[in-house]
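The values are calculated or read from the model by the stated rules, or taken from the named source; none is laboratory data. Everything numeric here is computed off the predicted structure, so don't read it as measured data. Using ideal geometry, Cβ is built from the backbone for each residue, glycine included, and neighbour counts are taken over all protein chains shown.
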Amino acid sequence: MHENDISFLIRKAIFTVYNTLGPGLYESVYITALRHELEKLGLMVSVEMPLPLIYDGIRFEAGFRIDMMVNERVIIEVKSVEKLAEVHHKQIITYLRLSAIKLGILVNFNTSKIADSIHRKVNNL
(Lines give C-alpha, C1' and ligand atoms only; values in the text may rest on other atoms or scores of the structure.)
Protein backbone atom coordinates (compact mmCIF):
# COMPACT_ATOMS: atom_id res chain seq x y z
CA MET A 1 0.00 0.00 0.00
CA HIS A 2 1.35 3.44 -0.97
CA GLU A 3 1.92 6.15 1.66
CA ASN A 4 -0.88 8.27 0.19
CA ASP A 5 -3.38 5.42 0.56
CA ILE A 6 -2.28 4.84 4.14
CA SER A 7 -2.51 8.58 4.82
CA PHE A 8 -6.10 8.66 3.55
CA LEU A 9 -7.08 5.84 5.93
CA ILE A 10 -5.24 7.49 8.83
CA ARG A 11 -7.13 10.72 8.23
CA LYS A 12 -10.42 8.81 8.16
CA ALA A 13 -9.55 7.12 11.47
CA ILE A 14 -8.53 10.45 13.04
CA PHE A 15 -11.91 11.96 12.15
CA THR A 16 -13.72 8.92 13.58
CA VAL A 17 -11.82 9.12 16.87
CA TYR A 18 -12.25 12.87 17.15
CA ASN A 19 -15.96 12.80 16.35
CA THR A 20 -16.49 10.02 18.90
CA LEU A 21 -14.33 11.27 21.79
CA GLY A 22 -14.07 15.02 21.22
CA PRO A 23 -11.17 17.22 22.35
CA GLY A 24 -9.33 17.54 25.64
CA LEU A 25 -8.35 13.98 26.62
CA TYR A 26 -4.87 12.59 27.24
CA GLU A 27 -2.71 11.64 24.25
CA SER A 28 -2.66 8.03 25.41
CA VAL A 29 -6.45 7.83 25.05
CA TYR A 30 -6.31 9.06 21.46
CA ILE A 31 -3.44 6.71 20.64
CA THR A 32 -5.40 3.73 21.98
CA ALA A 33 -8.57 4.65 20.08
CA LEU A 34 -6.68 5.54 16.89
CA ARG A 35 -4.81 2.25 16.96
CA HIS A 36 -8.13 0.40 17.25
CA GLU A 37 -9.64 2.31 14.31
CA LEU A 38 -6.57 1.78 12.13
CA GLU A 39 -6.48 -1.94 12.88
CA LYS A 40 -10.20 -2.15 12.01
CA LEU A 41 -9.21 -0.72 8.61
CA GLY A 42 -6.72 -3.57 8.17
CA LEU A 43 -3.54 -1.61 8.89
CA MET A 44 -0.60 -2.82 10.98
CA VAL A 45 0.11 -0.43 13.85
CA SER A 46 3.07 -0.27 16.22
CA VAL A 47 2.76 1.98 19.27
CA GLU A 48 5.59 3.60 21.24
CA MET A 49 8.08 2.17 18.79
CA PRO A 50 11.71 2.73 19.85
CA LEU A 51 13.80 4.81 17.46
CA PRO A 52 17.55 4.39 17.89
CA LEU A 53 20.01 7.16 17.14
CA ILE A 54 22.86 6.30 14.80
CA TYR A 55 25.59 8.81 15.35
CA ASP A 56 29.16 8.62 14.10
CA GLY A 57 28.49 5.06 12.97
CA ILE A 58 27.43 3.95 16.45
CA ARG A 59 23.90 2.89 17.39
CA PHE A 60 22.57 4.49 20.57
CA GLU A 61 19.32 3.65 22.29
CA ALA A 62 18.60 7.31 22.98
CA GLY A 63 15.09 6.85 24.29
CA PHE A 64 13.22 8.25 21.30
CA ARG A 65 9.76 6.74 20.89
CA ILE A 66 7.55 7.13 17.86
CA ASP A 67 3.90 7.41 18.96
CA MET A 68 2.63 5.27 16.09
CA MET A 69 4.05 3.57 13.01
CA VAL A 70 1.54 2.40 10.41
CA ASN A 71 2.43 -0.39 7.97
CA GLU A 72 6.09 0.46 8.60
CA ARG A 73 5.61 3.38 6.18
CA VAL A 74 3.93 6.29 8.00
CA ILE A 75 4.70 7.86 11.37
CA ILE A 76 1.91 9.44 13.41
CA GLU A 77 2.77 11.86 16.19
CA VAL A 78 -0.24 12.44 18.45
CA LYS A 79 -0.64 15.57 20.55
CA SER A 80 -3.36 16.90 22.83
CA VAL A 81 -2.14 20.40 23.56
CA GLU A 82 -3.66 23.86 23.57
CA LYS A 83 -1.60 24.84 20.53
CA LEU A 84 1.02 23.05 18.47
CA ALA A 85 4.44 24.64 18.84
CA GLU A 86 7.13 24.81 16.18
CA VAL A 87 9.05 22.15 18.12
CA HIS A 88 6.24 19.64 17.50
CA HIS A 89 6.62 20.09 13.75
CA LYS A 90 10.42 19.81 14.01
CA GLN A 91 10.11 16.69 16.16
CA ILE A 92 8.22 14.68 13.55
CA ILE A 93 10.50 15.89 10.75
CA THR A 94 13.50 14.72 12.79
CA TYR A 95 11.82 11.35 13.43
CA LEU A 96 11.25 10.99 9.69
CA ARG A 97 14.88 11.77 8.95
CA LEU A 98 16.28 9.47 11.65
CA SER A 99 14.02 6.57 10.61
CA ALA A 100 14.30 7.16 6.83
CA ILE A 101 10.49 7.07 6.64
CA LYS A 102 8.98 9.21 3.89
CA LEU A 103 5.67 10.39 5.40
CA GLY A 104 4.54 11.55 8.81
CA ILE A 105 1.33 12.94 10.25
CA LEU A 106 1.22 15.31 13.20
CA VAL A 107 -2.23 15.58 14.77
CA ASN A 108 -3.47 17.66 17.68
CA PHE A 109 -6.72 16.32 19.12
CA ASN A 110 -7.20 19.24 21.54
CA THR A 111 -8.89 21.47 18.98
CA SER A 112 -12.30 22.72 17.97
CA LYS A 113 -11.65 21.89 14.29
CA ILE A 114 -9.77 18.65 13.69
CA ALA A 115 -9.41 19.24 9.93
CA ASP A 116 -7.08 22.18 10.67
CA SER A 117 -5.05 20.15 13.18
CA ILE A 118 -3.80 17.35 10.91
CA HIS A 119 -0.41 18.13 9.36
CA ARG A 120 1.30 16.02 6.70
CA LYS A 121 5.08 16.06 6.80
CA VAL A 122 7.28 14.67 4.04
CA ASN A 123 10.87 13.57 4.44
CA ASN A 124 12.84 14.86 1.47
CA LEU A 125 15.15 11.83 1.45
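Observations on the model:
- So Val81, is it touching a helix residue (DSSP H, G or I) at 6+ places or on another chain (Cβ under 9 Å) and surrounded by 20 or more Cβ atoms within 10 Å (Cβ to Cβ): no
- Across the stretch 24-39, the number of residues qualifying as more than 18 Å from Asn110 (Cα to Cα) and touching a helix residue (DSSP H, G or I) at 6+ places or on another chain (Cβ under 8 Å) comes to 2.
- As for the stretch 86-97, it holds at least one residue that is buried (at least 20 other Cβ atoms within 10 Å of the Cβ) and at pLDDT below 95.
- Only one of the numbered conditions (1) aliphatic (A, V, I, L, M); (2) surrounded by fewer than 17 Cβ atoms within 10 Å (Cβ to Cβ); (3) in a loop (DSSP other than H, G, I, E, B); (4) modelled with pLDDT of 95 or more is not met by Ala115, and that is (3).
- Any hit, the stretch 31-50, residues being in contact (Cβ under 8 Å) with a residue 60 or more places away in the chain and either of a type in the set (A, V, I, L, M) or surrounded by fewer than 16 Cβ atoms within 10 Å (Cβ to Cβ) (or both): no
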